[in-house]
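Quick note: the coordinates plus some simple rules give every number you see, no bench work behind them. For clarity, every value in this text was computed on a predicted model and none was experimentally measured. All Cβ positions, glycine included, derive from the backbone under ideal geometry; neighbour counts span all protein chains shown.
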Amino acid sequence: MVHARKQKSIAKYHAVSHAASPAEPAAEYGPRVSSGPAMQMPVLVLNASYEPINICGARRALVLVLKGVARTEEEQGTILHAARARMPMPSVIRLLEYRRIPHQTRALSRKNILLRDRNTCQYCAVVLPSCELTLDHVVPRSRGGLSTWENLVACCHNCNRRKGNLLLHELRDMKLLREPRPFSLHTSRHIMRMIGHSDQKWRKYLYY
């Protein structure tokens, strides 16, 4: 009876289809919970060994907990109300099975470029939501530029229009904040510490 109720609760959510990259253990785990501000809150993901390996949204974290892939180690303090259940929103989750995380770069994607550049335009240093940023090819594709970690940067729409089809040496007032590099394990750990700096629930897992 309890199992049937759990299955009904899970069935209220939609299927997730998000392929995991090397640093992202959350692959295709089935249910998806509804969206909303609380669902976008960052959640620290620990390996079964309590090693921090990723950050995901609260929505993805709830999916992993509902599927029995992970358990909640720390709570945010807010409650998700479903038809027949009340679930605490996680702040830190831990995978129940150990995942070997290869020490290599993440898959090249818009999401990972913005994460690497911390949602900061790499020309004017303005910080914006993901929906207000685009990706810029430092060397434009029309001039031989490739879509690589070293040639893609987060960029606001104003800077993207200003730069246009030009190379940086052809512009006097535009330069990169930092040299773009592949997303490494070191980058990932640094971002985890930066995001969790003010959260005591994260700090004890991030080895400050």
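Hey, fewest Cβ within 10 Å first, where do SER49, SER184 land in order?
SER49, SER184
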Cross-link candidates for LYS67: which aspartates and glutamates have Cα within less than 16 Å, leaving aside residues fewer than 8 places away along the same chain?
GLU28, GLU97
Neighbouring Cβ atoms within 10 Å as the yardstick, rank ILE55, ILE191, ILE93 fewest first.
ILE191, ILE55, ILE93
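With the Cα gyration tensor of segment 110-170 in hand, give its eigenvalues times 5 under a square root as the equivalent ellipsoid semi-axes, listed largest first in whole angstrom.
After scaling each eigenvalue by five and taking roots: 18, 13, 9 Å.
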